[in-house]
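Worksheet: one structure, shown below.
The values are calculated or read from the model by the stated rules, or taken from the named source; none is laboratory data. These numbers were taken from a predicted model, which means no experiment stands behind them. Here the Cβ positions follow ideal geometry from the backbone for every residue, glycine too, while neighbour counts run over all protein chains shown.
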Ligand code: GLU
């Protein structure tokens with residue numbers, strides 16, 4: 001049987017030619033050299049940090065050079081797809097601030113190179129499959145699971161490499177009559193790639209790793225599954241060609257299959273895009289570095305950062321530091337510049353694993369919140385609470401100004417406080433400002449009894465002047481200390497401890513505990529100003545009843 005006859009038999013419904021698609025998806029009209037990049041996530045319901053890490057490289061690469069960045073949903077594996085996963089994916093990428101120019105979107109899709117969901121491109125893949133079959137480069141394989149197991153067992157017994165290749169590829173050269181007979185019987189088949197004979201090497205450029213030399217592929221990999229849907233290997237080649245993608249940024253786990261991708265591009269006479277294989281995300285552990293794992297590391301899931309309330313800017317900023325060496329240094333020199341001004345360079349992506357460190361992300365988060373205008377911080381926190389702490393959301397939303405004032409504490413100075421890290425942490429940090437969440441957490445100083453604490457607070461209430469500025473307020477606290485038997489200065493107390501009950505620090509500690517429930521807090525005077533006189537007086541008065549923690 002001629003190849004063309006076989007192709008017609010296998011794909012009777014395909015009547016377009018690849019050349020037709022060249023017209024449907026013409027080369028893009030972009031400035032010369034402008035990259036076209038794509039993110040091709042699979043909607044498995046698990047979006048991980050690696051997706052965002054690669055996406056950031058795609059986005060920078062495209063947008064810093066007048067190119068284009070598109071979103072293609074790689075949903076060819078029905079078994080792994082979960083309901084709502086595509087929407088969740090689009091939503092997550094938007095949350096982390098990724099701008100797509102084209103592709104799948106919340107309200108359908110945008111662009112002239114679609115559909116952008118692989119499950120809707122079956123005809124295109126089959127047209128390419130038909131073309132390969134016509135050239136004798138693809139053939140149907142009817143092997144059942146059982147037969148594949150047999151082949152594997154025989155390979156193990158013979159000490160041969162596993163796989164469907166060379167002499168082990170049972171259906172590679174089935175007699176034409178048999179193919180016909182099986183097709184007539186309606187036997188399911190997959191379409192396999194007819195790989196060249198084993199041996200040789202391929203060389204492929206990689207923008208991150210430099211030129212790669214890999215053993216050529218000899219495996220007759222599956223191009224189309226028995227339902228006519230392509231495997232990743234085939235689908236991405238066809239899509240990256242017809243979507244006119246110039247750079248493929250993907251994880252290094254795809255390196256071993258690069259040789260077959262190279263073969264397919266060449267067989268179809270298409271120019272291969274520039275591959276950019278990003279390093280694995282690693283984590284430092286007592287025993288050394290290891291790959292981040294879905295099972296062991298909750299921080300691998302992008303949802304983790306949303307749930308905990310990390311600001312998307314912090315996550316992006318952090319990923320950029322591990323993506324491009326030199327970014328941190330640049331940031332030091334340009335503390336206020338948007339990240340987009342950094343000259344992103346593929347060659348500066350390390351190839352030996354990117355070390356992920358939550359502590360480092362936390363440091364960056366502190367800086368991000370320190371620089372964010374307080375009203376924006378307040379809005380961010382409110383949105384976070386609505387999504388993840390709905391029971392507290394009403395409280396936060398009730399008084400926008402109060403939340404903004406809280407977020408502003410210590411952040412207007414040249415050297416702003418860096419104690420906001422992420423939503424959940426910020427919530428516990430500032431919860432005492434809200435009566436509903438206030439609770440005495442820390443014990444009184446050892447030298448102050450509950451009765452004595454109340455005497456001090458009563459005295460303080462009597463002299464409290466909400467209008468006093470910081471200096472005169474503190475002078476008042478010192479006077480209160482002195483009349484209550486406490487040294488006005490810690491050093492006086494140190495010199496003559498027997499003459500005093502304690503020093504002014506104990507007095508302000510008691511006030512701080514009554515107001516915040518904690519022994520450490522931001523500046524006391526500022527807390528009072530933010531809380532307002534009424535709340536301050538109410539809190540102080542309530543301390544008469546406290547069961548102070550021991
Ligand atoms: N769908 C593939 C994945 O989720 C995409 C790989 C690629 O970007 O080519 O791993």
Only one of (1) surrounded by fewer than 18 Cβ atoms within 10 Å (Cβ to Cβ); (2) modelled with pLDDT of 95 or more; (3) under 19 Å from residue 410 (Cα atoms) fails for residue 533. Which number is that? (3)
Note down all Cβ pairs under 7 Å where the first residue falls in the range 392-417 and is over 13 Å from residue 523 (Cα atoms), the second is at pLDDT below 90, and they're at least six residues apart or on different chains. 403/396
Residues located in the range 318-341, provided they are surrounded by fewer than 20 Cβ atoms within 10 Å (Cβ to Cβ) and within 22 Å of residue 94 (Cβ to Cβ): 338, 339, 340
Being in contact with a strand residue (DSSP E or B) (Cβ under 6 Å, 6 or more places away or on another chain) and farther than 23 Å from residue 306 by Cα is the filter here, so list the residues in the range 33-69 that pass it. 35, 36, 37, 38, 61, 62, 67, 68, 69
With the requirement that a residue be buried (at least 18 other Cβ atoms within 10 Å of the Cβ) and within 50 Å of the chain's Cα centre (by Cα), what does the range 474-491 give you? 477
List the number of the failed condition for residue 444; all other conditions in (1) within 30 Å of residue 304 (Cβ to Cβ); (2) touching a residue at least 24 places away in the same chain (Cβ under 8 Å) hold. (1)
Enumerated strands (runs of 3 or more DSSP E) restricted to the range 232-290, each holding at least 1 residues that are within 10 Å of the ligand (Cβ to nearest atom) and at pLDDT 95 or above: 247-251, 274-278
Listed residues 75, 58; which is part of a helix (DSSP H, G or I), crowded, with 19+ Cβ neighbours inside 10 Å and within 16 Å of the ligand (Cβ to nearest atom)? 58
Considering only residues that are within 12 Å of the ligand (Cβ to nearest atom) and part of a helix (DSSP H, G or I), look in the range 17-52 and name the one that is nearest to residue 126 (Cα to Cα). 51
If a residue counts only when it is within 13 Å of residue 6 (Cβ to Cβ) and in contact with a strand residue (DSSP E or B) (Cβ under 8 Å, 6 or more places away or on another chain), which helices (runs of 4 or more DSSP H) contained entirely in the range 105-207 have at least 2 such residues? 122-134, 176-184
Look through the range 222-231, keep the residues that are assigned to a loop (DSSP other than H, G, I, E, B) and touching a strand residue (DSSP E or B) at 6+ places or on another chain (Cβ under 8 Å), and return whichever of them is farthest from the ligand (Cβ to nearest atom). 226
